[in-house]
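Derivation of every value follows stated rules applied to the coordinates shown; laboratory data play no part. Quick caveat, the model's predicted, so the values are computed rather than measured. Note that each Cβ is placed from the backbone with ideal geometry, even for glycine, and that neighbours are counted across all protein chains shown.
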Amino acid sequence: MSDAGVYDPHEPTNRAVHRFNVGLDRAVLRPVSKGYDAVVPDGVQTMVGNASDNLGEPSNLVNRTLQGDLRGAGVALYRFVVNSTVGLGGIYDVAAEFGVTADDTDFGETLHTWGGGEGAYVELPVLGPSTTRDATGRVVDAVLNPLSTVMNSDQKTPRTSLKVADRVGSRARYGDTLDSVLYESTDSYSQTQLLYLQNRRFELGIENEDSYIDPTEIDTEGF
Amino acid sequence: MAPLFSRRSFIATASATALMPALPTAAFALNEATAKGLVEKLVQEINKVIASGKSETAMIGDFERIFKRYSDTSYIAAYAMGVDGRRASGAQKKAFSTAFTAYVARKYGKRFREFIGGRLEVQSVKKVKSFYQVRTIAYLKGESPFEVDFHVSDRTGKDLFFNLYIEGINMLLTEREEIGAMLDRRKGNIDQMITDLKKAG
């Protein structure tokens, strides 16, 4: 464990994957997202994001239930039903207008609520930063998603396209911020890792007050 | 509510005020109200810059001015340098502080520029250890609202923020990693790192 609470026993492999991911971003994702952003109006980008998020709600429902969070399960169910119908197949987030905003989860979080530790840091090809726990969660989510069981292969192709478009849209939306991490920071691997772990722990509510940096921790003499 | 000053703190405050007449934000004692007040003023200034529609360079200049006035720049710089600060000379520390402050203003100023059309709102304040955590919510166009926390301390005798958390990502830790990586890449050469820092962000 380092000072920042990072456990990274597979660093050499992770760094190789990171180089691949950055290369992929530079060659494909980044230019495609710029084109997408230039061609697709903001309103449509939001619809694509909404529709893609809506297809994630059944999975949220399952995970919230497994986490014993029945209120959260209710939120996912309500959002899926309302947005799929009134929200025209999920392209409008009507539920949010009614005050029921998205609260995404995944099987990685379920493992966390069951007491599963974070494990080691891993950077996955294409998918990006993760941990052994969260990578396991991704696999389980793919299997567990109720939509995967009810959808036939004709319906799965548009779903995959939607997910890809959403990913491209996210790359466009956070373009400058991601550029600054991937291309402007000195060690983009370490910076990606640190940002991911801090944000993930925050999402899971792990961040505790003991980890806050004290204003008297460092001698500031001369600075 | 407790009286604003006890007699003892009044005397201390009076002499401190006499000694530092030019302080822009003459803070008496840090409490929930003053910590929140500081962040409210800070947020007002940031929102004003965001709404001004100025050029990026002009906005970054404004952010640097705001950052110098409202944050504990010496603590933030010292923390970012970490243990390497122990082998730095006085001149290096000073040069680093100056370069680092401008770098932070550029880097975070660019991010705040993305807030155009959005705003920050102060929510609540809480005492944590020896400091106060002031929670704000950022409302950005087309995004779910997210938390931005300011950690405020009166370590220097003034109320200043010394750390910033954006959705759990804390500035001190993130910048210490970045400065550490810069030093590693330059084989620990502090002067070289400072020169490069002037171009970074």
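What does the structure give for B:177-186 when I average, per residue, the other chain Cβ atoms found within 10 Å of the residue Cβ? Before the final figure, lay out each step's value.
On the way: counts 12, 7, 1, 4, 7, 3, 1, 3, 2, 1.
Mean inter-chain Cβ contacts per residue within 10 Å come to 4.
Tell me, what is the Rg over Rh of the protein assembly as shown, with Rh the Kirkwood radius over Cα pairs? Can you show the working numbers first?
Numbers: Rg = 23.5 Å, Rh = 23.8 Å.
We get a ratio of 0.99 for the protein assembly as shown.
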Inset, instruction - For each of B:ARG87, A:ARG159, count neighbouring Cβ atoms within 10 Å of the residue's Cβ, then give the residues from fewest to most. - result: B:ARG87, A:ARG159
Inset, instruction - Report relative contact order for the range A:2-109 in percent, whole number only (criteria: Cα-Cα under 8 Å, sequence separation at least 6). - result: 23
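Using a 10 Å cut-off on Cβ to Cβ distances, tally the other chain neighbours for every residue of B:106-117 and report the average as a whole number.
Numbers: counts 0, 3, 0, 0, 4, 3, 0, 1, 5, 0, 0, 0.
Shielding by partners across B:106-117 averages 1.
Within a 10 angstrom radius of the beta carbon, how do A:ASP53, A:ASP154, B:ASP154 rank from fewest other beta carbons to most? Walk me through the numbers on the way to the answer.
Values: A:ASP53 18, A:ASP154 7, B:ASP154 21.
Fewest-to-most Cβ neighbours within 10 Å comes out as A:ASP154, A:ASP53, B:ASP154.
Taking 8 Å as the Cα distance limit and 6 or more residues as the minimum spacing, I'd like the relative contact order of the range B:145-201 as a percentage.
On the way: 44 pairs, mean separation 11.5, N = 57.
The value is 20 percent.
Which of the trypsin sites (Lys or Arg not before Pro) found in the range B:25-78 are in a DSSP loop and have at most 15 neighbouring Cβ atoms, other than their own, within 10 Å?
On the way: sites: B:LYS36, B:LYS41, B:LYS48, B:LYS54, B:ARG65, B:LYS68, B:ARG69; in loops: B:LYS54.
Loop-located and lightly packed - B:LYS54.
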Inset, instruction - Using only alpha carbon pairs under 8 Å that are at least six residues apart, calculate the relative contact order of chain A and give it in whole percent. - result: 25
Inset, instruction - Shielding by partners for B:167-175, please: the mean number of other protein chain Cβ atoms within 10 Å of each residue's Cβ. - result: 6
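Using DSSP to define loop residues, name the GluC sites (Glu not before Pro) in the range B:137-174 whose beta-carbon has at most 16 other beta-carbon atoms within 10 Å. Don't skip to the answer; put the middle values down first.
On the way: sites: B:GLU143, B:GLU147, B:GLU167; in loops: B:GLU143, B:GLU167.
Sparse-neighbourhood loop GluC sites (Glu not before Pro): B:GLU143, B:GLU167.
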Legend entry - Euclidean distance between Cα centres, the range B:33-111 to the range A:172-217, Å: 18
Legend entry - Footprinting exposure proxy for A:LEU144, A:LEU195 (fewest neighbouring C-beta atoms within 10 Å first): A:LEU144, A:LEU195
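Determine the gain in length on full extension of the stretch A:ALA16-A:ILE206; use 0.36 nm per residue of separation and subtract their C-alpha separation, reporting nm with one decimal. If you can, show how the numbers build up before the last one.
Values: separation 190, 0.36 × 190 = 68.40 nm, distance 2.89 nm.
Going from the current span to full extension adds 65.5 nm.
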Legend entry - Computed helical MRE - 222 nm, chain B, DSSP H runs ≥ 4 contributing -39500 (n - 2.57), nearest 500: -17000 deg cm²/dmol
Legend entry - Loop sites in the range B:151-193: trypsin sites (Lys or Arg not before Pro), DSSP, at most 10 other Cβ within 10 Å: B:LYS187
Legend entry - Pair-distance profile P(r), taking every C-alpha pair of chain A, with 5 angstrom steps and integer %: 1, 6, 11, 15, 17, 18, 15, 9, 5, 2, 1, 0, 0, 0
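Quickly estimate the mean residue ellipticity at 222 nm for chain A, helices only: each DSSP H run with n ≥ 4 gives -39500 (n - 2.57), and the total goes over all residues, rounded to 500.
Working: 12 runs with 134 residues, N = 223.
Only helices count here, giving -18500 deg cm²/dmol.
Longer than 23 Å from Cα to Cα, which of B:LYS93/B:LYS126; B:LYS107/B:LYS199; B:LYS36/B:LYS199; B:LYS48/B:LYS93; B:LYS68/B:LYS141; B:LYS48/B:LYS110 are they? Say none if no pair is.
On the way: B:LYS93/B:LYS126 33 Å; B:LYS107/B:LYS199 11 Å; B:LYS36/B:LYS199 34 Å; B:LYS48/B:LYS93 32 Å; B:LYS68/B:LYS141 28 Å; B:LYS48/B:LYS110 15 Å.
Those over the limit are B:LYS93/B:LYS126; B:LYS36/B:LYS199; B:LYS48/B:LYS93; B:LYS68/B:LYS141.
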